[in-house]
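Below you'll find the structure, written out as structure tokens, and then a few comments.
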Amino acid sequence: VQQYSKYIKEDPNYAATYVSWDDAVTYCIKLSSKEGKTYRLPTEAEWEKAARGNDGRLWPWGRKFDKGFFFFFVNIFGQNDNYVHTAPVNYYHSGVSPFGLYNTAGNVWEWCLDWYDENYYKNSEYANPRGPKNGVNHTIRGGAWNSLSGYLRSSARYGYDEAKDFYGIGCRCAMSVK
């Protein structure tokens, strides 16, 4: 789609990057209109469950992060995987989440719907928390191609200024089910 070409830096098989939070929300709205379904950014809770599954995984592929096998699981900083920046979205088959999602660890950070509050989960509801009602920054999850391994845990979360276009941030849309 031509209007989104500024976000695709390598080719359409790669994750879109340089995506602001506002751009991500706008994309979900336009996709909803085009397909007649309701798309939106996932909440943090939805994103994390999709990335780690229901069995207590720390990363999408399991509970261990074996430094000898980075190449097979994830696109991250300092690893020779033949990609300078992002990798194709379906490249790391061994790193797929239990729900079949690719690249929920590494490749690009992904925007979530929620506002970011470092301490929110200390006092939030347990089941499907919806995030703070307001804030300064929105949440990004998943780490990127230029992240160190500690940023790739499925539970890792950070706040980022949604007005910036950051080369390591993209988005993943969630479809609402009625």
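The values are calculated or read from the model by the stated rules, or taken from the named source; none is laboratory data. Computed from a prediction, not measured in an experiment: that's the story for all the values here. Cβ coordinates were reconstructed from backbone atoms using ideal geometry, including for glycine residues, and neighbour counts include every protein chain displayed. Accessible surface is based on the protein model in full, side chains and every heavy atom, while ligands, DNA and RNA are left aside. Shrake-Rupley method; radii C 1.70, N 1.55, O 1.52, S 1.80 Å.
Placing 19, 177, 89, 96 in order of accessible area, with the largest value first and a 1.4 Å probe, yields 177, 89, 96, 19. For residue 58, nonlocal amide neighbours, meaning residues 5 or more places apart or on other chains whose placed amide H falls under 5 Å from its own, are 63.
Evaluating kT/(6 pi eta Rh) at 20 °C and 1.002 mPa s, with the Kirkwood radius of segment 87-146 over Cα pairs in the Stokes-Einstein relation, gives 162 µm² s⁻¹. Extension gain for residue 22-residue 126 works out to 34.6 nm (0.36 nm per residue, less the C-alpha to C-alpha distance). In loop segments of segment 89-171 as defined by DSSP, the chymotrypsin sites (Phe, Trp or Tyr not before Pro) with at most 14 further C-beta atoms inside 10 Å of their C-beta are 99, 126.
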